[in-house]
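Visitor: Pasting a structure below so you can have a look.
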Amino acid sequence: GAVVSQHPSRVICKSGTSVKIECRSLDFQATTMFWYRQFPKQSLMLMATSNEGSKATYEQGVEKDKFLINHASLTLSTLTVTSAHPEDSSFYICSARQSTDTQYFGPGTRLTVL
Amino acid sequence: QKEVEQNSGPLSVPEGAIASLNCTYSDRGSQSFFWYRQYSGKSPELIMSIYSNGDKEDGRFTAQLNKASQYVSLLIRDSQPSDSATYLCAVKERGSQGNLIFGKGTKLSVKP
């Protein structure tokens, strides 16, 4: 099956710093990548959708200047959490989709902001 | 507002039994449906996709789709303790760029 990786798997940072998370599709070209956030015991929340070479589409309530998304190639998307605060602590998960309907998820990145 | 509804559970079944997970969706025009499994602290992993009315079997898993009733289900035969997880139903929005709309998930517990 299709494999999606994320790096880092876990990050702890101080309040006010920026954190970059990478998402890679390892064995297929992803025309679209998605970024989700999941708080403990809650459901997945879609943050944004990105297509290679174009600007990301953010969901309502997600600050595009705080969560910077770059989808520079068909195998790589990055999410940068700028000026992170404790309330940004969460489980961030990317997923990637080929031309078919199926989305494959990365293993997730657990962010803790102190 | 397009919605995907699931019973949150927990659904508890004994080992070896059939677990039945249900999902309804609001957009009658939806064409693509997915079941994901999510273990605690992990990301979702795809179990099955289904596009046509009827049953689709893959090992111990059977997905059932009824578009007229806007209903999709997942049956797990011979349930094992390792099947204990949260099961997410996802429905793709219409259109080529359609995103997945996820239900809140049903927590399944298989008791040895």
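The values are calculated or read from the model by the stated rules, or taken from the named source; none is laboratory data. Keep in mind the model is a prediction, meaning the values are calculated, not measured. Neighbour counts are summed over all protein chains in view; Cβ atoms, including those assigned to glycine, are modelled from backbone coordinates with ideal geometry.
Visitor: Quick one: in the range A:10-25, which of the residues that are out of contact with any Ser or Thr (no Cβ under 6 Å at 6 or more places or on another chain) and farther than 17 Å from A:Asn70 by Cα is surrounded by the most Cβ atoms within 10 Å (Cβ to Cβ)?
Guide: First, the residues of the range A:10-25 that are out of contact with any Ser or Thr (no Cβ under 6 Å at 6 or more places or on another chain): A:10-11, A:13-15, A:17, A:19.
If we keep only those that are farther than 17 Å from A:Asn70 by Cα as well, we get A:10-11, A:13-15, A:17.
Numbers: A:Arg10: 10, A:Val11: 18, A:Cys13: 16, A:Lys14: 8, A:Ser15: 12, A:Thr17: 13.
Applying the filter and picking the extreme gives A:Val11.
Visitor: Within the range A:11-54, which residues are of a type in the set (D, E, K, R) and either within 17 Å of A:Ser95 (Cα to Cα) or away from chain B (no Cβ under 14 Å) (or both)? Spell out the reasoning first.
Guide: Quick first cut of the range A:11-54, residues of a type in the set (D, E, K, R) only: A:14, A:20, A:22, A:24, A:27, A:37, A:41, A:52.
Within the range A:11-54, A:Lys14, A:Lys20, A:Glu22, A:Arg24, A:Asp27, A:Arg37, A:Glu52 qualify.
Visitor: Any residue in the range A:1-18 that's without any contact (Cβ under 8 Å) to a residue 24 or more places away in the chain: show its pairings with residues that are β-branched (Val, Ile, Thr) at Cβ separation under 8 Å, as long as the two are six or more apart or on different chains.
Guide: So the pair list comes out empty.
Visitor: When the range B:8-49 is examined, which residues are found to be closer than 20 Å to A:Arg37 by Cβ and not in a loop (DSSP other than H, G, I, E, B)?
Guide: Filtering the range B:8-49 for residues closer than 20 Å to A:Arg37 by Cβ gives B:8, B:34, B:36-46.
Scanning the range B:8-49 gives B:Phe34, B:Tyr36, B:Arg37, B:Gln38, B:Glu45, B:Leu46.
Visitor: If you don't mind, another one. Tally the residues that are under 11 Å from the mean Cα position of the chain (by Cα) and either of a type in the set (A, V, I, L, M, F, W, C) or at pLDDT below 95 (or both), restricting the search to the range B:20-39.
Guide: 5
Visitor: Okay, moving on. Taking the range A:26-40 as the region of interest, how many residues are in a loop (DSSP other than H, G, I, E, B), among the charged types (D, E, K, R) and buried (at least 17 other Cβ atoms within 10 Å of the Cβ)?
Guide: Within the range A:26-40, the first condition is being in a loop (DSSP other than H, G, I, E, B), and the residues that meet it are A:26-31, A:39-40.
In the following step, the residues that additionally are among the charged types (D, E, K, R) were identified as A:27.
Imposing the further condition that a residue be buried (at least 17 other Cβ atoms within 10 Å of the Cβ) reduces the set to none.
Going through the range A:26-40 one residue at a time, the tally reaches 0.
Visitor: I'd like to check something: does the range B:54-66 contain any residue that is within 30 Å of A:Cys23 (Cβ to Cβ) and out of contact with any strand residue (DSSP E or B) (no Cβ under 9 Å at 6 or more places or on another chain)?
Guide: Yes: one or more hits.
Visitor: Pick out the one residue from B:Ala63, B:Ala17, B:Ala68 that is in contact with an Asp or Glu (Cβ under 9 Å, 6 or more places away or on another chain), more than 14 Å from every other protein chain (Cβ to nearest Cβ) and of a type outside the set (S, T, N, Q). Before you say what the answer is, go through the steps one by one.
Guide: Values: B:Ala63 fails: more than 14 Å from every other protein chain (Cβ to nearest Cβ); B:Ala68 fails: in contact with an Asp or Glu (Cβ under 9 Å, 6 or more places away or on another chain).
Residue meeting the stated conditions: B:Ala17.
Visitor: With the requirement that a residue be surrounded by fewer than 18 Cβ atoms within 10 Å (Cβ to Cβ) and within 12 Å of another protein chain (Cβ to nearest Cβ), what does the range A:59-101 give you?
Guide: Across the range A:59-101, the qualifying residues are A:Glu59, A:Gln60, A:Ser99, A:Thr100, A:Asp101.
Visitor: In this structure, is B:Tyr51 within 14 Å of chain A (Cβ to nearest Cβ), of a type outside the set (A, V, I, L, M, F, W, C) and farther than 23 Å from B:Val110 by Cα? Before the answer, list the steps.
Guide: On the way: within 14 Å of chain A (Cβ to nearest Cβ): yes; of a type outside the set (A, V, I, L, M, F, W, C): yes; farther than 23 Å from B:Val110 by Cα: yes.
For B:Tyr51, the condition - within 14 Å of chain A (Cβ to nearest Cβ), of a type outside the set (A, V, I, L, M, F, W, C) and farther than 23 Å from B:Val110 by Cα - is met.
Visitor: Quick one: which of A:Val62, A:Val81 is of a type in the set (A, V, I, L, M) and under 19 Å from A:Gly16 (Cβ atoms)?
Guide: Details: A:Val62 fails: under 19 Å from A:Gly16 (Cβ atoms).
Only one candidate passes the filter, namely A:Val81.
Visitor: Would you pick out the residues in the range A:59-76 that are assigned to a loop (DSSP other than H, G, I, E, B) and of a type in the set (A, V, I, L, M, F, W, C)?
Guide: Start the filter on the range A:59-76 by keeping residues that are assigned to a loop (DSSP other than H, G, I, E, B), which leaves A:59-66, A:74-75.
Passing the criteria: A:Val62, A:Leu74.
Visitor: Now for a separate question. So which residues in the range A:41-58 are farther than 19 Å from A:Thr31 by Cβ and in a loop (DSSP other than H, G, I, E, B), if there are any at all? Step through it out loud before you land on a result.
Guide: Initially, the range A:41-58 is screened for residues farther than 19 Å from A:Thr31 by Cβ, giving A:41-45.
Answer for the range A:41-58, where residues must be farther than 19 Å from A:Thr31 by Cβ and in a loop (DSSP other than H, G, I, E, B): A:Lys41, A:Gln42, A:Ser43, A:Leu44.
Visitor: Let me ask another. Tally up the residues in the range B:74-101 that are surrounded by fewer than 21 Cβ atoms within 10 Å (Cβ to Cβ) and under 19 Å from A:Gln103 (Cα atoms), please.
Guide: Summing the residues that are surrounded by fewer than 21 Cβ atoms within 10 Å (Cβ to Cβ) and under 19 Å from A:Gln103 (Cα atoms) in the range B:74-101 gives 8.
Visitor: Cβ-Cβ below 6 Å, separation at least six or inter-chain, first residue in the range B:28-48 and acidic (Asp, Glu), second crowded, with 18+ Cβ neighbours inside 10 Å and not in a loop (DSSP other than H, G, I, E, B): which pairs?
Guide: These pairs meet every condition: B:Glu45/B:Arg37.
Visitor: A further question follows. Considering only the range A:80-114, how many residues are hydroxyl-bearing (Ser, Thr, Tyr) and in a strand (DSSP E or B)?
Guide: Within the range A:80-114, the subset hydroxyl-bearing (Ser, Thr, Tyr) is A:80, A:82-83, A:89-90, A:92, A:95, A:99-100, A:102, A:104, A:109, A:112.
Subsequent filtering for residues that are in a strand (DSSP E or B) retains A:80, A:90, A:92, A:95, A:104, A:109, A:112.
Qualifying residue count for the region: 7.
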